[in-house]
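Worksheet for the structure shown next.
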Amino acid sequence: MENESTPSTPNFIRSIIESDIEAGRLDRALTTRFPPEPNGYLHIGHAKSICLNFITALDFGGKCNLRFDDTNPEKESIEFQEAIIEDVRWLGFDWGGTTRHASDYFQALYDYAIHLIENDKAYVDSMSADEIRTYRGSLTEAGKASPYRDRPVAENLDLFRRMAAGEFEDGDHVLRAKIDMASPNINLRDPTLYRIRKATHHRTGERWKIYPMYDYTHCISDALEGITHSLCTLEFEDHRPLYDWVLDQLPVPCHPQQIEFARLELNYTITSKRNLSTLVTERHVDGWDDPRMPTIKGMRRRGYTAAALRDFCDRVGVTKKQTTIDASVLENCVRNDLDRCAPRAMAVIRPLKIIIENYPEGVVDELDAANHPKDDSFGSRKLAFTRELYIERDDFIENPPKKFFRLAPGREVRLRYAYLITCERLEHDPNTGELSTVYCTYDPESRGGNAPDGRKVKGTIHWVSARFAKRAKIRLFDRLFDIPNPTAADDFRDHLNPNSVEIVDEALIEPGLADVTPGTHHQFERLGYFCADERLHSAESPVYNRTVTLRDTWEKTKK
């Protein structure tokens, strides 16, 4: 990690490892792995697995491998692989410079398949995919043996070698393990180990005409890499007997221990790669890095920090029980981190013009403003105060209700870091009747926002100078779906939130907010945490994404 590792919260996996160490069952350094398939971008669920595997290894003085499960050439690409590498590094983890791939072991996997055939533990099946599915049976009905199950070893070897040589077409044959067609665990009913795929692989090119299945590849790759603890999500629990069976039949260098944990699910979110891909290809979102997406790329572009994601993954913990986490938990982790590290600034999203009639025209007063009220190391900046200003339109009401402490006719408020002002009169647009300008007076003796006579002023509002402020585009994001569990719907696309983004083109920001590096975070005082968009922001055309509001407003506004 970029910083020293802090031991993670105790969990059942750590307890298993501690027991293994105490009992002397480990004959090598603890080694874990993160094995993504390069067929899409990583999402928040992957972040939990990344943190678990890397931090567990670090905490026990071991290492974690990054290994790509690149056994499906028709869906995988270098683009996805490079994006995954970048995401894991951004989260703060390192794997020692050696990126591994299942394709590194294609020859070894093939040789091990030959070993299984020679020992009558695998056979070539010439049934169609539909026939194999039918013969496999169901949860209540045992499977039936394939008519090709008892092919002689020599014939199986010949057919498999010819499959590898490219003599057959996709679907003509598969290689299956010979285990138990009557097993109550369907995964042990002669699972497929290899299938024919005449596709170009992004790393091995045209070398291979057959590709191994995940369940066969994964356990052998783990063994070849000396993995001690293979940490998987719960859907692989029923696959563990197959994991162990394959390794028990082969002369592999070691036998890793597979342990399953509950995957991370958020409400108002989907984490299926297939469904996320649908959102992208059907243009419901603006790419995999759309700030509304639960991908690590999207969250990073929105302004979520790596530290916040690591904190979130630690907070939700590691259990065997599948639960759905409220999205507000993640948002609170983001708030906590940004409160610590984001400098403060002022911006007005929906501007209302203020003219201070008793302030001299052309005069600029430079005011001191703290960049972070809780951390003096952030320093301070100068704010230009002028006769004409803009405030947030919501900070003024002509006929205010009780307990409204902001600006209103005849009322005095404090301008942040500046002066006390009093509303004297209003001007409305003659065509629309909309309020266009608020005319005020200021107290020259109140510089810094304090009344010289000690009078109490309850309201404090933010502002920007009309003369010096820069125009910016502000993108206000909300949750992508309007129901807690979109995957339970007949079609998750029917529940896309039509208000998941609001784009404000006429926002005004402090001039210093324009010339910042894309990806820079700020708290816009009283408005929320914002991030200069990584792809769109420039000094000439500033674009900011709202990362998260200052407090959780979702439960209140959705009712």
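Just so it is clear, none of the values below were taken in a lab; they were calculated from the coordinates. Everything quoted here is computed from the prediction, not taken from an experiment. Cβ coordinates were reconstructed from backbone atoms using ideal geometry, including for glycine residues, and neighbour counts include every protein chain displayed.
General remarks:
- Coil-residue GluC sites (Glu not before Pro) of region 330-392, DSSP, other Cβ within 10 Å capped at 12: 357, 361
- Other residues lying with their Cβ under 13 Å from the Cβ of residue 50 contribute a combined charge of +2, Lys and Arg counting +1, Asp and Glu -1.
- Prolate is the label for region 102-166. Its Cα gyration tensor axes, ordered a ≥ b ≥ c, give a/c of at least 1.5 and a/b above b/c.
- Sparsely packed loop sites in region 187-265 (the GluC sites (Glu not before Pro) outside DSSP H, G, I, E and B with at most 16 other Cβ atoms within 10 Å) comprise 206.
- Space enclosed by the convex hull of the alpha-carbon atoms of region 35-86, per residue, Å³: 70
- Assigned charges on the beta-carbon of Lys, Arg, Asp, Glu; region 355-462 dipole about Cα centre (debye): 560
- Across the chain: Cys residues that no other cysteine approaches within a C-beta distance under 4.7 Å: 64, 219, 232, 254, 333, 341, 423, 440, 531
- Beta bridges from DSSP with both residues in the chain: antiparallel share about 70 percent, rounded to the nearest 5.
- Sites matching trypsin sites (Lys or Arg not before Pro) across region 345-392 that sit in DSSP coil, with at most 10 neighbouring C-beta atoms within 10 Å: 374
- Region 56-118 and region 156-231 have Cα centres separated by 17 Å.
- For residue 468 and residue 28, a Förster radius of 56 Å and the Cβ-Cβ distance give a FRET efficiency of 0.30, rounded to the nearest 0.05.
- For residue 297, a cut-off of 24 angstrom between C-alpha atoms picks up these lysines, skipping any fewer than 8 places away in its own chain: 48, 75, 273, 473.
- Computed packing ranks the peptides 88-96, 305-313, 507-515 as 305-313, 507-515, 88-96, most packed first, by mean other Cβ atoms within 10 Å.
- Beta bridges assigned by DSSP with both partners in region 347-461 are antiparallel in approximately 75 percent of cases.
- Within region 12-263, antiparallel bridges make up roughly 50 percent of the DSSP beta bridges whose residues both belong there.
- All alpha carbon pair distances within region 12-263 were sorted into 5 Å bins beginning at 0; the resulting P(r) in whole percents reads 1, 6, 13, 16, 18, 16, 13, 9, 6, 2, 0.
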